Amino acid sequence: MLKFCSTAVILLALSLTAQAQNNATKNDSGNGSFADFRKGILEDYNKFRNSILEDYDRFLEAAWDDYQQMRGVDRYQTPKPHQAPVIPVTDVPVKKPEVKPLPEPEKVKPEVKPEVKPELKPVQKTPVPEKKPQPSATPADFPGNDAFVFPFYGMEMKITDRKADLSRRLTSTNDFAAQWRSLVNDKAEAMIPSIKKTATDHGLNDYLTFRLIRAYVNARYPQAHHSARVALEHYLLANMGYDVRLAVDDSGTPLLLIPFGQDVYGRPYLMVGQRKYYVFQPDNVQTRPDARIMTCKLPSNSDLGTPMDLRINALNLPEKQKEFNISFEDITLTGKINENIMTVVYEYPQMDIADFAVSQLSPGLRNDLVSQMKEQLAGLSEQEAVDKLLHFTQSAFEYATDQDYHGFEKPYFLEEILFYPKCDCEDRSIFYTYMLWNVLGVENHLLAYPGHESASVHLDAPVTGNSYEWNGKTFYISDPTYIGAKTGMCMPVYAKVRPEVDYEYKSGK
């Protein structure tokens, strides 16, 4: 059997990023040119290029190590209920305050308060996004060579490129090494400044930049074998400073192995040294979850590059707006949402709930939601406002598990709850805890139970019900999926279960 080798990637130094940003700023302000931007990146690239990239073809030619692929870990081991629980008519809190302690929560995720930046455009509630391409606006034109236009989740993108020779199917270590040398000789890395500018202009994070490159390669080389296309993706990502490895499985299917700064659920992975690499096969190609994977050995004492970051700060995509109108009793949220954003994140990798909570797809939209909610809760006491917001979250959104509605596990970014007609417990909890903090300034926790996501709040005045102590403060269970429940009421099935704190909003962040 032929042995294959991996593509680990190297890091383009932080100074490269700084230089790129400076050049991009000049370009945007009209004081510089894209040629200057490109020249700066390429100069830094050549300056910091290390021995791994220089000798990568030789690593590809050497023997590839064999790894056993691990099955993806499910985030929820316990099934979620198919219907949202409703409080029994007799299940009402007693009038006099008394606190029933719950088991102490186990852990807390890093403290990061999502920053809300003013800006704003309304949003909307609607069905699953369309997947067929529908071209819209394009990024800025690049001087010099003509830019190649290609579809990216139904939008048009442009990259000024240097077309490579991808005429062969790669079936051996020598083939992969030869293609790497061919790409070096063709100076394929010259398109990296254009890729970076397109990604930056649209607010794409590391993972979505990978998806941008994949969309470009598939559109640019539709007749090329997927082994050659994946090898080109690897070459570009490695030269952008990412630790992305090239691999094949025991049936010869080419793969990319990508480490992330976050844990990812539901996706096969393998361990190389101390780092977890998640397996990405070519689009529309099925692989066996138990397949053996081969990738080349890279020097352990070298800088292999950076893992990708899955968190999203703000996306700047062409607008395709849909209206939403969500109401319960006398609270209503209205606005418009960019359907293009919904399409881009529809099949996003599953991260921890805290990572969904701190990511922001559209800060301006969030500011609008906060402003609307503040106006409608004005004048209420803290406890009244908390319970009114709680009942709105319980009843304004229709409940359905991800499996029942989407057919796969899909935690929502906050903005997605405004787009899809149905949501489940983690989606409500992300929305509720964000609003508690940003509308009311109430400290709170995102809580994880087996098969269920909930919340708790710290109130200035005590209330009756289930609570626990955390760093000297009392937090009351406030569950946005327990229909009809007030703050202080815990689902009976979890009353004696120790929750895990996924994320906390607290003063002093």
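Values quoted throughout were computed directly from the atomic coordinates according to the rules given, and no laboratory measurement underlies them. Every value quoted in this text rests on a predicted model; they were computed, and no experiment measured them. All Cβ positions, even for glycine, are placed from backbone atoms using ideal geometry, and neighbour counts span all protein chains on display.
For the stretch 490-506, putting each phi into the Karplus relation 6.51 cos²θ - 1.76 cosθ + 1.60 with θ = phi - 60° gives couplings of 9, 4, x, 5, 10, 4, 10, 9, 7, x, 10, 7, 7, 7, 10, 9, 8 Hz, in residue order, rounded to whole numbers and with x for Gly and Pro. Restricting the GluC sites (Glu not before Pro) of the stretch 325-391 to loop positions (DSSP other than H, G, I, E, B) with no more than 15 neighbouring Cβ atoms within 10 Å leaves Glu329, Glu347. With Cα atoms defining each centre, the stretch 374-396 and the stretch 176-192 are spaced 58 Å apart in the structure.
Taking the beta-carbon count within 10 Å as an exposure proxy, list Arg220, Arg162 from fewest neighbours to most.
On the way: Arg220 17, Arg162 13.
Taking fewest neighbouring Cβ atoms as first place, the list is Arg162, Arg220.
Over the alpha-carbon set of the stretch 319-359, divide Rg by the Kirkwood Rh and report the Rg/Rh ratio to two decimals.
Values: Rg = 13.6 Å, Rh = 12.4 Å.
Ratio value, two decimals: 1.09.
Compared with the alpha-carbon gap, the fully stretched path from Asp283 to Glu500 is longer by 74.5 nm at 0.36 nm per residue.
With N residues in the stretch 266-305, what two-decimal value do you get for its Cα radius of gyration over 2.2 N^0.38 Å?
Working: Rg = 12.3 Å, N = 40, 2.2 N^0.38 = 8.9 Å.
Relative to the 2.2 N^0.38 Å estimate, the stretch 266-305 comes out at 1.37.
Taking 0.36 nm per residue of separation and subtracting the Cα-Cα distance, full extension of the segment from Glu329 to Asn185 would add 45.2 nm. Per-residue Cβ neighbour counts within 10 Å put Arg181, Arg229 in the sequence Arg181, Arg229, beginning with the fewest. 3J(HN,Hα) couplings calculated from phi for the stretch 247-254 with the Karplus curve 6.51 cos²θ - 1.76 cosθ + 1.60 (θ = phi - 60°) are, in sequence order, 8, 9, 9, 6, 9, x, 6, x Hz; Gly and Pro show x. Ordering Ile483, Ile213 by the number of other Cβ atoms within 10 Å of each residue's own Cβ, fewest first, gives Ile483, Ile213. Backbone phi angles across the stretch 387-398, fed through the Karplus curve with coefficients 6.51, -1.76 and 1.60 (θ = phi - 60°), yield HN-Hα couplings of 5, 5, 5, 4, 5, 4, 5, 5, 10, 7, 10, 6 Hz in residue order; Gly and Pro are listed as x.
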